[in-house]
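Quick notes on the structure that follows.
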Amino acid sequence: TGMEEHANYGIDFIEATLKIKELCPYAKISGGISNLSFGFRGVMKIRESIHAVFLHHAIMEGGMDMGIVNAHEMIGQDELEDDMKVICDNLVFNKIPEATEDMLDRTNYERACIEAKKKRMAPPRKPRGRMPVLPRKHFDFNHLAPVPAVGPPCPTSDAAQNRVPNPYMNSRLTHEKIVAIRAKATTAGRNINIDYDQPSDLYPESFPHFVRGRDSAREYISN
């Protein structure tokens, strides 16, 4: 009904049925299922979906023997859309405070689909629904002990970690396409050094590493 005091009627019925079956195992229990979805009358897809979820849990878990419902308008829980099943489950078991509001939004969408079908128009956009709350995924680096930072983060290469200029070892690039381009170059046949490796002791350790890298690239380009 949308009233807060009625929000637990579905789960209360299932729990009461289970309790009666425990105390009186030979008792037979039936219930008027249509009363559960009376507030959503006019949109049969919504009502049938609520009935499907409720009947599944009331019979399989609570032990209800019979439900008073139109058998021609029944669908199985496995036939429901995934998002519809979640919305109905939240409503029947009152899992979240927004359960009724979510069902009202879905009802308005289904009613709009009915009107669009009558007018031979495209169906409206489906509500996005509520995002599932999933546990945070943990990776190996989440378990590493924190290390106090003494400077800005560096790349993982040896040159960056050791604060030395990165050597330009172009001769190690031996891909077939690179070799083919070198063969077509105008400098083919000439003994030209295409590598550059600045001596690591060119500057003292106290010299700023960014200056050493800058001078290394400048000397390589100028040569």
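The values are calculated or read from the model by the stated rules, or taken from the named source; none is laboratory data. Fair warning: this is a prediction, and the values are worked out from it, not measured in the lab. Ideal geometry is used to build each Cβ from the backbone, glycine not excepted, and the neighbour counts take in all protein chains shown. Ligands, DNA and RNA are excluded from the accessible area calculation, which covers all protein heavy atoms including side chains. Shrake-Rupley method; radii C 1.70, N 1.55, O 1.52, S 1.80 Å.
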Original post:
Got at least one residue in region 128-136 being part of a loop (DSSP other than H, G, I, E, B), open to solvent by less than 80 Å² (accessible area, probe 1.4 Å), at pLDDT 65 or above and closer than 30 Å to D89 by Cβ?
Top reply: yes
Subject >> Which listed residue, of E73, E115, is of a type outside the set (F, W, Y) and touching a residue at least 24 places away in the same chain (Cβ under 8 Å) >> reply: E73
Original post:
Name the residues in region 75-91 that are assigned to a helix (DSSP H, G or I) and out of contact with any His (no Cβ under 6 Å at 6 or more places or on another chain), would you?
Top reply: D78, E79, D82, D83, M84, K85, V86, I87, C88, D89, N90, L91
**OP:** Residue by residue through region 1-24, note down the ones that are in a helix (DSSP H, G or I), loosely packed, with under 11 Cβ neighbours inside 10 Å and among the aliphatic types (A, V, I, L, M).
**Re:** L23
Original post:
Taking the condition under 22 Å from E5 (Cβ atoms), outside any loop (DSSP other than H, G, I, E, B) and either open to solvent by less than 40 Å² (accessible area, probe 1.4 Å) or out of contact with any strand residue (DSSP E or B) (no Cβ under 6 Å at 6 or more places or on another chain) (or both), does G31 pass?
Top reply: yes
**OP:** Kindly list the number of the only condition in (1) at pLDDT 85 or above; (2) among the basic types (K, R); (3) within 30 Å of C113 (Cα to Cα) that fails for R41.
**Re:** (1)
